[in-house]
Structures are given as structure tokens and as C-alpha cells.
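Everything on this sheet refers to the single structure shown next.
The values are calculated or read from the model by the stated rules, or taken from the named source; none is laboratory data. Please read all numbers here as calculations on a predicted model, not as lab measurements. Please note: Cβ atoms are built from the backbone with ideal geometry, for glycine as well, and neighbour counts cover all protein chains shown.
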């Protein structure tokens, strides 16, 4: 059998990304440094728990979200997410970054979207069934009262829907370039000074699969039995059972853990990770061997968005 392990991060209600003191440091904000008392050293096996960074604190009520992706893409961060407290979560090449608008800035941004007259009701413009190539999808979610109005289109819409679809695409491009047209006076922290997004809680997923030949275990950097598991119980019985897809024969489990617990897992399994750490990445993956059980363990660690629910319904894709 093999075990697949995944962590997904989640942020609670509040204001903006902070530094260790009670007030944000202008130097830290200007540099975009990860707010932490010290830079942790991640090593495999038993080790002291490293200093946990300060989580981003964000009001989870979403006001506006804009996304544009090709039909095959990877990663959890949308292009732009704006929350009720003025927090602006931006996707960058360095992972998610947190900027901050005044409430006036949020009002101006929402008014710009509403002027399009595209948000009377939710609606999706599908791909033209005759289309034979790849395509991009643009989506906009705008809060109106207690509801989020969702509009979505591809750039491969049928001719009869092209005018409306092009309006959605143009608006999505305009909104994601908000720093080019919003007044400088409505920014508390501008995009160029945005801080790393750090999740406050994470979803840990575990999947156990067979390795009868032992080839996958032999190729893994770490064996499960050589790892000091930092959470209660064992890696194999963590959380609740989940099903990944119809016909999946692996044993999969998940559960919500704190940032501090996730940091310990990240540290104790450091030699196994094959992708950048969180932050600045938004997803980590790794594989552990388990020779004693003729199994291997796949791991995935991914950040949740502030408005994601804290349960196992989130992001069940692998790794």
C-alpha cells in the first residue's frame, strides 16, 4: 500500500497580514518579508519545532473575485480576491500576496464592476461545441447583498454569445489591473509592497497505496518509519476517511490542523518535499516510502483561501 498526505491552508476573520508585533512594521511592509520572529530551519527527522510565521488575518467575507486561467492549469490562488475588510489577495509568480484597500477603495472597485450591468443574475457562457482547441476561462464573482453573483465565459464562446462574453473578459482584465486605475490614496498597502499570504489553518490529507515491488519506497527520500510524526496518533490513522475518485483503491484520510501543527509536519518531513515551501508556494508535494507495509506515501500541502470552509470538501485533487 501507499500513503498520500495533503495539507491545505485556511485563514480566519480579521484584517491584514501582520508582523510579530501588534502593529505592522513599515520596513516589513515595504520589503514584503515573511512576518516571523526568525527564519525556521527545516530538517528531516526529530528536530526542535521551528518558529511559526504569523498568519495572514483576513475577514473571510468575499466581495469580489476575478480569475482567468487556461483549460489546463495548476494552483489555488485566483488572480484577484477582495474581502470586506479591504484585504486584497493577489496571485503572483512568488505565490499569493496580501495588499490592503481602504473601505473607500473597496466601494470604488465594486462600483466599477456594477457599472458593467453584467451582474443582474448569475450565468455561464459555455464553450462553443464546435471548438476544437484549447481555451481560457474568465470568471467574476461579485457580492450583491447576501449573494455572490457568478459570471463566467471562455474565449471560445459561440458567435451568438460573443459580444457578452467579450464584455466579461474585458471587465476581468480591467479589474485585475486595479492598481493602474484606483487612486493611490485608497491603498493602505499597495500591490508592490504586498506581504506573503500565510494560511492560519490547513487541511491535511493522507492516502495509502500498495507498492508490492518496493520500487516506489526504494526511490523515496524518506521512509515513514524514520519520520517523527508530530501530530496525535499516527500518520496512517489521521483524520477521517475520504474517497478521492470512483474506483480508487487507495486508503485516503483528511482533517483540519493548525498552522503550528502544519509547520511541524513540514519541518519533520523536510527531506521529502519536491516543491517550494509555503510560503511563497501555494502547494507542496512529496512521496514517502513505507517498506514495512509494502507501501508508499504521497504528500500534498496546499493553502486555502480565506473564504474556504474548514472541512474535507476543499480541494480533493492530488497531489
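Tabulated data for the structure shown
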item	result
Selection count, region 294-319, where residues are under 18 Å from residue 280 (Cα atoms) and either in a loop (DSSP other than H, G, I, E, B) or at pLDDT 85 or above (or both)	4
Complete set of residues in region 106-117 that are without any contact (Cβ under 8 Å) to a residue 12 or more places away in the chain and under 26 Å from the mean Cα position of the chain (by Cα)	107
Criterion (under 19 Å from the mean Cα position of the chain (by Cα), part of a strand (DSSP E or B) and in contact (Cβ under 8 Å) with a residue 60 or more places away in the chain) met by exactly one of 278, 257	257
Pick from region 66-105, criterion without any contact (Cβ under 8 Å) to a residue 60 or more places away in the chain and touching a strand residue (DSSP E or B) at 6+ places or on another chain (Cβ under 6 Å), ranking: nearest to residue 135 (Cα to Cα)	82
Residue that is surrounded by the fewest Cβ atoms within 10 Å (Cβ to Cβ) [pool: residues in region 121-151 that are outside any strand (DSSP E or B) and at pLDDT 95 or above]	121
Residue tally, condition within 20 Å of residue 57 (Cβ to Cβ) and crowded, with 19+ Cβ neighbours inside 10 Å, over region 278-305	7
Single match in 171, 202, 175 (criterion: outside any loop (DSSP other than H, G, I, E, B), modelled with pLDDT under 90 and within 27 Å of the chain's Cα centre (by Cα))	202
Qualifying residues in region 93-120 (those that are within 16 Å of residue 199 (Cα to Cα) and touching a helix residue (DSSP H, G or I) at 6+ places or on another chain (Cβ under 9 Å)) - the one surrounded by the most Cβ atoms within 10 Å (Cβ to Cβ)	99
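Let's see how each residue does on (1) at pLDDT 85 or above; (2) within 27 Å of residue 98 (Cβ to Cβ); (3) surrounded by fewer than 20 Cβ atoms within 10 Å (Cβ to Cβ):
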site: 195; (1), (2), (3): yes, yes, no
site: 213; (1), (2), (3): yes, no, yes
site: 228; (1), (2), (3): yes, no, yes
site: 233; (1), (2), (3): yes, no, yes
site: 241; (1), (2), (3): yes, no, yes
site: 245; (1), (2), (3): no, no, yes
site: 260; (1), (2), (3): yes, yes, yes
site: 270; (1), (2), (3): yes, yes, no
site: 276; (1), (2), (3): no, yes, yes
